[in-house]
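Data block below; observations after.
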Amino acid sequence: RRLCYLVSAHRLMIAFTLSVPAQLLPQQGAIVSGERCDMTSTTTLFLRWKIFSSDWGAYEVSDCVGVNPKLRLSAGKTYTFAQEDPTNWLHPIGFAYIGGGPHSKCRAEDATMGTCPELGGEIGVSSGLPASTLQYYIDGVAITSDASTFGRDAYEAEFLNSQDQWRSRGSYRVTLTIPGTASYSTAYYFCRFHKGPMSAEIEIVDSLVEVAPTNINEAVLGGETQGSALAMQMAIQTEERVLFRNIVEVQKRQIQLVQALLDADPSLHRHAKQPARQRRELAARQELPGGASINGNHSTQGSSCQDIKFAYQASECCNASSSKTTSYVVKPATLGDEGHGEFLRPGCDSEVVSNYTSGRHVGGTLYVFNTTRGVNSWSQTVNLAEAAIAGGCVPRAKPHMVLPNAESSRVAISYTSDTWVHLLNAESKEVVACLDATHPAPGVEGGLVHTGSWVDEGAAFVMVDMTGSVGGVQGGALHKFVIDEAEGNGRWVKSLAMGSSAASRGTSLTKPIAMGTNALGQFRNRFFVSDAWGAGSIVDVANMTVLANLPLSSFGNCTSGGLWVVPHPRDPAIVVAQYGSQDPEGSAPEAVTAECLYAINLDTLEVERVYQMPLGVADDAHGLGFCEAEDGELFLVNTNRISGTIDILNYKTGEFVVNSLDLNAILPPGSPHLMPDVIYLNGGHIYIAGRGSVPLSAVKPYNFRPNATSGMFTYSISADCKSVTFDAATDLILPSVMMSDECPGCARFNTQRPDFHGISGVGLDQVWALCQSATGSVQSFEIFSACPAYGDDGLLDWTSTMG
């Protein structure tokens, strides 16, 4: 029943233990490469890396067929190549005048051999010809300070970081402008790290040059000729075809074996129809229904394990051995119940035509603490990947924030390395709806969702997307969805681009981080949106419009680092926003960044008051809340992530009653170390999410704390809000218990170190905290079915159209 399926990815051999019918395995036909793709009517191209197309993979481009498409671009237009998709890691794009660029060898005019020329702003300038403008961007910022002067070197260096560090930087994009009077008609795009099959052609049209353009830019050919330059690309394409053909042959052998397995035991067809919970239980026991057994000798079934072993040269299958193998269980699933059917559709000759890793690190863990139970331990844990699957959603990456609605009946979980939000039933902890901002409407492109807010009395939800775009306007967006639990999703209503607010705010760029309102009165539809680039905007979520862009000059010494927004407990017009950032590594005293709080008036649409934290002491403000004293006086509670300190100040006077108190200094001796993140205040306690020793988001590597413990820490705050202590009788430290036998039902499989972030009260007696550490990965399959699409009535009766 178990088949060893081996995949070569960057020459790392991975063994998959499959408990699936044959149709679930890759059934790859001919790989399409080099198809012409007309991009003259668009300006943004989204790239993916397709692992199974060659030894090094190949590029896929949005709206194009196959891999390495031949792109048809207009001279004089600026094109954006977007590499936000996680598959682009380790594959930074480059551009060249000759196929393969620096991976190829070209003859110079003096007959010496060297690397072939690349496109770049310096080419045209030095030659006196119109420049091909190339600019690399990291998280929306044009890089101009590296050796290339247009960001190529700095961009490439980012792709050498760990994947988590790479993704934490946000967006990666390159703009290319072919001069309007280009004298040539061909250029190339390629992977700067991998040669051969990751190079493809660009066809340039619409040039205004007065003479017919040459094929290759003669000004950069050196000692090469048109013929020799074109021969280089032909050699690359020939290599592609051989590699593609070899991959297809190996996959055919696999399919022969699995199809024989299926033919020998037809009951395997039924496995895909079982309920999700039953499938998980069977997979856990590594059983399948049917009762037949299969041994290691399949020589009579068309293709043996030895064939596969020979093709891949590794794995523990059939007595092969390798130290670089990891075993995964791939489970079949359905697309829904009645009206959708199984994705392996009976009678439709369904075939898997490709598969790829669409989620390298997904899932996470929800920890629940009951404040009234009187037990100093977690009352419940939920594997968010399993909860997503049970709710009909795909597991997503880095659960970040706990966002309950006003009644605490539903809780939104945002995923900061993804475009999704999952909604949970607060009582059952089951996922009841999935909101998808990947591409909710034409012209709307989702990015990384940091947080969001419930609106319209809980009937709708607005995502805060840090890196998305609307109508080509980059710089983040807000996406509004009306919730439909019956369908298990949300209906997209409207998206609002934030990038257009930069000019009136006086900032160079925008990156929305959080939003908040005050639900007490008439301004509940007005939300303040904070921004990582400083300043912010007040928006009306009823019609998704910007009411006011608050200028950077109103924000005092804090010129960046927008964070959380909390409501004033009594004044319906006021919210307080927190702005904090990490000091640069080794900062001199005069170079440290300021940490600030702002009272924002939703009525007058202005910054009403500025509070600055102790300069040079507070570093990276990241937790915020109100404390109401027993005499009614209001205080602001601010925690600082990197300095590990807490500040409390009088809301009315701004006076500090607690100034830079070290939270670790007041813990009992020998206690775990706290790196404080999001906080929640209730019942005389401050609940704090503690980051791990290797944080998975936001924290810069030079600020990692090797002794930091991921979990929840609680502290006591006095009735007058003027002192903070750790009371051993009532306060506690609850670390992550994943991969521990002390927590029955907790996640056992984690691909990353534990790292808490989001925390919030849910209802009267629960505190929810999120561990971002992944609990698995996602493999995606593209399946062809020889049947009409779901929802279509049937195939066209073409006989009635014959004469």
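The values are calculated or read from the model by the stated rules, or taken from the named source; none is laboratory data. Quantities reported herein were computed from a predicted structural model and do not represent experimental measurements. Ideal geometry is used to build each Cβ from the backbone, glycine not excepted, and the neighbour counts take in all protein chains shown. Accessible surface areas use protein heavy atoms only, side chains included; no ligands, DNA or RNA. Shrake-Rupley method; radii C 1.70, N 1.55, O 1.52, S 1.80 Å.
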Residues that are open to solvent by less than 10 Å² (accessible area, probe 1.4 Å), modelled with pLDDT of 95 or more and closer than 23 Å to Val473 by Cβ, at least 2 per element: which strands (runs of 3 or more DSSP E) completely within the stretch 494-613 meet that? 512-516, 526-531, 536-540
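Okay, residues lined up against (1) in contact with an Asp or Glu (Cβ under 7 Å, 6 or more places away or on another chain); (2) crowded, with 21+ Cβ neighbours inside 10 Å; (3) not in a loop (DSSP other than H, G, I, E, B):
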| residue | (1), (2), (3) |
| --- | --- |
| Ala154 | yes, no, yes |
| Leu160 | no, no, no |
| Arg167 | no, yes, yes |
| Arg173 | no, yes, yes |
| Leu176 | no, yes, yes |
| Gly180 | no, no, no |
| Ala187 | no, yes, yes |
| His194 | no, no, no |
| Leu208 | no, no, no |
Within the stretch 428-441, restricting to residues that are open to solvent by 40 Å² or more (accessible area, probe 1.4 Å) and of a type in the set (D, E, K, R), the one that is nearest to Ser417 (Cα to Cα) is Asp436
Restricted to the stretch 773-803 and to residues being open to solvent by less than 80 Å² (accessible area, probe 1.4 Å) and touching a Pro at 6+ places or on another chain (Cβ under 9 Å), the residue modelled with the lowest pLDDT is Gly794
Are there any pairs with C-beta distances below 6 angstrom linking a residue in the stretch 509-521 that is touching a residue at least 60 places away in the same chain (Cβ under 8 Å) to a residue that is open to solvent by 10 Å² or more (accessible area, probe 1.4 Å) and polar (S, T, N, Q), with the two at least 6 apart or on different chains, and if so which? Met515/Ser453
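This table checks each residue for (1) in contact with an Asp or Glu (Cβ under 9 Å, 6 or more places away or on another chain); (2) open to solvent by 10 Å² or more (accessible area, probe 1.4 Å); (3) assigned to a loop (DSSP other than H, G, I, E, B).
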| site | (1), (2), (3) |
| --- | --- |
| Leu661 | yes, yes, no |
| Gly670 | no, yes, yes |
| Tyr680 | no, yes, no |
| Val699 | yes, no, yes |
| Tyr702 | yes, yes, no |
Pairs returned, first residue in the stretch 174-193 that is farther than 18 Å from Val61 by Cβ, second residue that is open to solvent by less than 10 Å² (accessible area, probe 1.4 Å) and part of a strand (DSSP E or B), beta-carbon separation under 7 angstrom, 6 or more apart or interchain, are none
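Please state which one of Ile666, Ile686 is aliphatic (A, V, I, L, M), in a loop (DSSP other than H, G, I, E, B) and at pLDDT 95 or above. Spell out how you get there, then give the answer.
Numbers: Ile686 fails: in a loop (DSSP other than H, G, I, E, B).
Only one candidate passes the filter, namely Ile666.
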I'd like the full set of residues that are among the small types (Gly, Ala, Ser) and either in a strand (DSSP E or B) or surrounded by 22 or more Cβ atoms within 10 Å (Cβ to Cβ) (or both), limited to the stretch 614-639. Ala618, Ala621, Gly623, Gly625
Identify, please: which residue in the stretch 399-419 is among the charged types (D, E, K, R) and either outside any strand (DSSP E or B) or open to solvent by less than 20 Å² (accessible area, probe 1.4 Å) (or both) and is, among those, nearest to Ala689 (Cα to Cα)? Asp418
In the stretch 343-372, which residue that is touching a Phe, Trp or Tyr at 6+ places or on another chain (Cβ under 7 Å) and open to solvent by 50 Å² or more (accessible area, probe 1.4 Å) is nearest to Ile759 (Cα to Cα)? Val353
I want to confirm something. Restricting to the stretch 526-579 and keeping residues that are among the hydroxyl-bearing types (Ser, Thr, Tyr) and in contact with a Gly (Cβ under 7 Å, 6 or more places away or on another chain), which single residue is farthest from Val637 (Cα to Cα)? Ser553
So is His439 free of Cβ contacts under 8 Å to residues at least 40 places away in the same chain and not in a loop (DSSP other than H, G, I, E, B) or not? no
From the residues in the stretch 442-454 that are more than 19 Å from the chain's Cα centre (by Cα) and at pLDDT below 95, which one is surrounded by the most Cβ atoms within 10 Å (Cβ to Cβ)? Gly443
Which of the following residues is open to solvent by 10 Å² or more (accessible area, probe 1.4 Å), free of Cβ contacts under 8 Å to residues at least 40 places away in the same chain, hydrophobic (A, V, I, L, M, F, W, C) and not in a helix (DSSP H, G or I): Val375, Val382? Val375
Take the residues in the stretch 385-398 that are outside any loop (DSSP other than H, G, I, E, B) and open to solvent by 30 Å² or more (accessible area, probe 1.4 Å), then tell me which one is nearest to Pro695 (Cα to Cα). Glu386
Go through (1) out of contact with any Gly (no Cβ under 6 Å at 6 or more places or on another chain); (2) in a strand (DSSP E or B); (3) closer than 20 Å to Gly516 by Cα; (4) not aliphatic (A, V, I, L, M) for Gly490 and report which single condition fails. (3)
Of all the residues that make up the stretch 472-482, how many are at pLDDT 90 or above and surrounded by fewer than 23 Cβ atoms within 10 Å (Cβ to Cβ)? 2
Kindly indicate the residue of the stretch 55-93 that is open to solvent by less than 20 Å² (accessible area, probe 1.4 Å), out of contact with any Lys or Arg (no Cβ under 6 Å at 6 or more places or on another chain) and among the hydrophobic types (A, V, I, L, M, F, W, C) and also farthest from Thr181 (Cα to Cα) among those meeting that condition. Val61
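So if I check each of Leu134, Leu119, which one is modelled with pLDDT under 85, open to solvent by less than 70 Å² (accessible area, probe 1.4 Å) and not β-branched (Val, Ile, Thr)?
Working: Leu134 fails: modelled with pLDDT under 85.
Within the list Leu134, Leu119, the selection yields Leu119.
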